[in-house]
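First up is the structure itself, then whatever we jot down about it.
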Amino acid sequence: MPELPRKRLWVMVTALALLVTAAAAWWLLREPSAPYALRATPEVNVTLRPEESTYPEAKEVADEVEPLVKVYVQRLQAGEPADLARIGAPWYTARERAAQGLISRYGAHAGEPVEAVVSDPVVPGLAAVELRFGDGQRQVVDLVRGNDVWWLELGNGDPVKP
């Protein structure tokens, strides 16, 4: 085999191997990102903690659901049912109607400091969070995990069958 084609083949194989390695590393090391995030306004004051537990999963679940809980309080305070409905589990129906009900009932309380207590997880992929609003009002929200993303159980659906 002539020298020039052999060098080209070697360069191509090496480049392909590097590309495959980089793609595999990116795929394995990437953080799954949620399709929601806090906005600049309205500002929220939420402290989140796990319920006292002997299980290490309680702290892990609390850390995982913290972004969703903060986004929920922010969307509740903003009072836009369509925005709140977007953080509901996509496989649920009637999310916007349910969001309107939550805004009517709890929206006025969301502007105060909120303490969120994550209950001891009983079933993987499901979580309950008690929100304690600054004015004494309380609410329990149920969360469900699907495709490595935590969602609000909002509307009608089955949390274990996404």
Fill in the blank from the handout: Sorted on mean Cβ neighbours within 10 Å (highest first), peptides 39-49, 115-125, 62-72 come out as 62-72, 115-125, 39-49
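Tell me the mean residue ellipticity at 222 nm calculated for the chain from its helices only (DSSP H runs of n ≥ 4, each -39500 (n - 2.57), averaged over every residue, nearest 500). Numbers along the way, then the final one.
On the way: 4 runs with 66 residues, N = 162.
Result for the chain: -13500 deg cm²/dmol, rounded to the nearest 500.
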Handout entry: Cα-based equivalent ellipsoid, the stretch 25-136: semi-axes from gyration tensor eigenvalues, Å
Key = 23, 19, 14
Exercise for the section: Quantify, in whole percent, the carbon and sulfur part of the accessible surface of the chain (1.4 Å probe; protein heavy atoms only). Expected result: 57
Practice task
Please work out how much length the chain gains when fully extended from D142 to V11, using 0.36 nm per residue of separation minus the C-alpha to C-alpha distance, in nm with one decimal.
Solution key: 41.7 nm
Handout entry: the stretch 35-76 - accessible surface per residue (Å², probe 1.4 Å)
Key = 60
Fill in the blank from the handout: A correct Stokes-Einstein calculation for the stretch 76-135, using the alpha-carbon Kirkwood radius, 25 °C and 0.890 mPa s, returns a whole-number D in µm² s⁻¹ of 192
Practice task
Just order 146-155, 90-99, 50-59 by mean Cβ neighbour count inside 10 Å, highest at the front, would you?
Solution key: 146-155, 90-99, 50-59
Handout entry: Whether the stretch 106-162 is rounded, prolate or oblate, judged on the alpha carbon gyration tensor where a/c under 1.5 counts as rounded
Key = prolate
Completion exercise
For the chain, the longest principal axis of the Cα atoms and the Cα long axis of helix 57-78 enclose an angle in degrees, to the nearest 10, of 70
Handout entry: Antiparallel DSSP beta bridges within the chain, percent to nearest 5
Key = 75
Practice task
For the chain, give the magnitude of the charge dipole about the Cα centre (Cβ charges: +1 Lys/Arg, -1 Asp/Glu; no others), in debye to the nearest 20.
Solution key: 860
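The values are calculated or read from the model by the stated rules, or taken from the named source; none is laboratory data. Fair warning: this is a prediction, and the values are worked out from it, not measured in the lab. Please note: Cβ atoms are built from the backbone with ideal geometry, for glycine as well, and neighbour counts cover all protein chains shown. When the accessible area is computed, the model is the full protein with side chains, heavy atoms only, and any ligands, DNA or RNA have been set aside. Shrake-Rupley method; radii C 1.70, N 1.55, O 1.52, S 1.80 Å.
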